[in-house]
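Asks: Let me begin by handing over the structure; questions about it come next.
The values are calculated or read from the model by the stated rules, or taken from the named source; none is laboratory data. Treat the numbers as computed from the prediction; the structure is a model and nothing was measured. Here the Cβ positions follow ideal geometry from the backbone for every residue, glycine too, while neighbour counts run over all protein chains shown. Surface accessibility is based on the protein's heavy atoms, side chains included, excluding ligands, DNA and RNA. Shrake-Rupley method; radii C 1.70, N 1.55, O 1.52, S 1.80 Å.
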2 protein chains.
Amino acid sequence: MSATKDIDALIELMAKLPGLGPRSARRAVLHLIRKRGLLMTPLADLMTEVAAGARECLNCGNIGTADICDICNANKRANGQICVVEDVADLWALERSGVFKGRYHVLGGTLSALDGVGPEDLSIPRLVDRISSEDVTEVILALNATIDGQTTAHYIADQLEGRVVLTSLAQGVPIGGELDYLDDGTISAALTARKTV
Amino acid sequence: MSATKDIDALIELMAKLPGLGPRSARRAVLHLIRKRGLLMTPLADLMTEVAAGARECLNCGNIGTADICDICNANKRANGQICVVEDVADLWALERSGVFKGRYHVLGGTLSALDGVGPEDLSIPRLVDRISSEDVTEVILALNATIDGQTTAHYIADQLEGRVVLTSLAQGVPIGGELDYLDDGTISAALTARKTV
């Protein structure tokens, strides 16, 4: 490789991003070098800023730039509904559909006997706390339609039964599919037609 | 979108990289935020450094961190051979194969009547100058096996005929294929079996 050490190191780091391999990382780095003023410098500056500022919301687990995220801070979103998702990517997917007006709770994964993930490894205890502290009336279980996702949904439903109305996303979520990959229309339809567990 | 402005802006910039769309940019940014200490900060620092330091070699057009690149500076690579490529990505592909020991000349594109790219838009005049100033005995035309690439190769061959030995890559380069996408073995074979134009 004729490029200098820094460029080689940059290619190596870029190849660690999901969706990029060594080959596409090289193309991306070449593209960045060609547009270093317009793209590379602003990108580097933004990354530095986000790396310094980004943190998980202490309440819901969403990613933002403050200890409590914008959604948890917004009073108009305290409508008694909490939507439980596995991952921040799922929260973003639901927000893009624009249908849900309540708050979220990000679990940070699913229960998995195989990987040794128990309820205490996820933020399920904090969810149970939030039910009383935030006057929650409805919990929407928006977990992925995978076996682990549905196992987790059943566990949470058991924990919260009788305390709140429990709903799950309506049909429309394909079996085995993952929320983050769905189109916004399907997510809207599934949220609108949600049904009692 | 619930993420703050900086994160949204970062996703938008990442989506401009070749190989990443809005969806994969979101996944990449989430991955970066989760690994902000281990991946995001070093990546941002390296980008800043490369953006400040990277430049095109004044002699051959390769990308490096000095006015004259490592290959043009290396005396042992002044063996009288110049390998002409369209793009820095092609130069990197040839360097990975490790067979070629001479110098390069990056054209920066191909002649194209349709896009209005003439010989003066590429670095063909500088290539002609280098033939005498660097005592070049052989020019290897390693252009892509596309119509534009071969048209450009013919034009360069016309310009240099009688002054140097002109060779082109051997069969092994698939018709319509692009150098940067070939495996190293095919590139080695094609370089080793190059033939006189």
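Asks: For region A:1-132, what is the accessible area per residue in Å² when the probe is 1.4 Å?
Replies: Normalised by residue count, the accessible surface of region A:1-132 is 42 Å².
Asks: Once you charge only the Cβ atoms, +1 for Lys and Arg and -1 for Asp and Glu, what is the size of the charge dipole of chain A about its Cα centre, to the nearest 20 debye?
Replies: Dipole magnitude for chain A comes out near 800 debye.
Asks: Quick one: if the Förster radius is 56 Å, what FRET efficiency do B:S133 and A:A74 give, using the C-beta to C-beta distance and rounding to 0.05?
Replies: 0.25
Asks: A further question on this structure: Could you state the angle between the C-alpha long axis of helix A:88-97 and the longest principal axis of the C-alpha atoms of chain A, as a value from 0 to 90 degrees rounded to the nearest 10?
Replies: 80
Asks: Select the chain A residue whose beta carbon lies nearest to the rotation axis carrying chain A onto chain B, and write the distance in whole Å.
Replies: Rotation axis A onto B, closest Cβ, rounded to whole Å: A:A44, 2.
Asks: Sort B:L32, B:L58 from largest to smallest accessible area, using a 1.4 Å probe on the heavy atoms of the protein chains.
Replies: These residues rank, largest area first, as B:L58, B:L32.
Asks: Considering only the label points, 7 Å along Cα→Cβ from Cα, what distances in nm to one decimal separate A:K5 from the same position in each other copy, shortest first?
Replies: When each copy's label point is compared with this one, the spacings are 3.9 nm.
Asks: Just to confirm my numbers, what's the Cα centroid distance between region B:84-149 and region B:161-197 in Å?
Replies: Between the Cα centres of region B:84-149 and region B:161-197 lies a distance of 12 Å.
Asks: Given only helices, namely DSSP H runs of n ≥ 4 each adding -39500 (n - 2.57), what is the per-residue ellipticity at 222 nm of chain A, to the nearest 500 deg cm²/dmol? Can you show the working numbers first?
Replies: Values: 8 runs with 83 residues, N = 197.
About -12500 deg cm²/dmol.
Asks: Hey, can you list the residues from region A:43-57 whose accessible area shrinks by 20 Å² or more with all protein chains present, relative to the chain by itself (probe 1.4 Å, no ligands or nucleic acids)?
Replies: Residues passing the criterion (a loss of at least 20 Å², heavy atoms only) are A:L43, A:A44, A:L46, A:M47, A:T48, A:E49, A:V50, A:A51, A:A54.
Asks: Separate question: In peptide A:82-93, what is the residue-averaged number of other protein chain Cβ atoms found within 10 Å of each Cβ?
Replies: Mean number of neighbouring Cβ atoms from other chains: 2.
Asks: Per the 1.4 Å probe, what fraction of the accessible area of region A:10-145, in percent, lies on carbon and sulfur atoms?
Replies: 50
Asks: Further question on the same structure: Any residues in region B:149-182 that have 20 Å² or more less accessible area with all protein chains than in their chain alone, probe 1.4 Å, and which are they?
Replies: Output list: B:D180, B:Y181.
Asks: Quick check for me: using +1 on Lys/Arg Cβ and -1 on Asp/Glu Cβ, what's the dipole size of the protein assembly as shown about its Cα centre, in debye to the nearest 20?
Replies: Using Cβ point charges on Lys, Arg, Asp and Glu, the protein assembly as shown gives about 60 debye.
Asks: In nm to one decimal, list the spacings between the A:D70 label point and its equivalents in the other copies, with label points set 7 Å along Cα to Cβ, shortest first.
Replies: Counterpart label points of A:D70 in the remaining copies fall at 4.4 nm.
Asks: What gaps in nm, shortest first, separate A:A113 from its twins in the other copies when you place the label 7 Å past Cα toward the beta carbon?
Replies: Here A:A113 shows inter-copy label distances of 7.2 nm.
Asks: So what is the relative contact order for chain B, in percent, with contacts set as C-alpha pairs under 8 Å and at least six apart?
Replies: Once normalised by length, the contact order is 15 percent.
Asks: Determine the total buried accessible area between chain B and chain A, counting protein heavy atoms only with a 1.4 Å probe; round to the nearest 100 Å².
Replies: On the way: alone 11700 and 11700 Å², together 17810 Å².
The summed interface area works out to 5600 Å².
Asks: Angle check, please: helix A:22-34 long axis (alpha carbons) against the longest principal axis of chain A (alpha carbons), in degrees 0 to 90, nearest 10.
Replies: Result, in degrees: 70.
Asks: Can you tell me the 0 to 90 degree angle between the C-alpha axis of helix A:5-14 and the longest principal axis of chain A, rounded to 10?
Replies: 20
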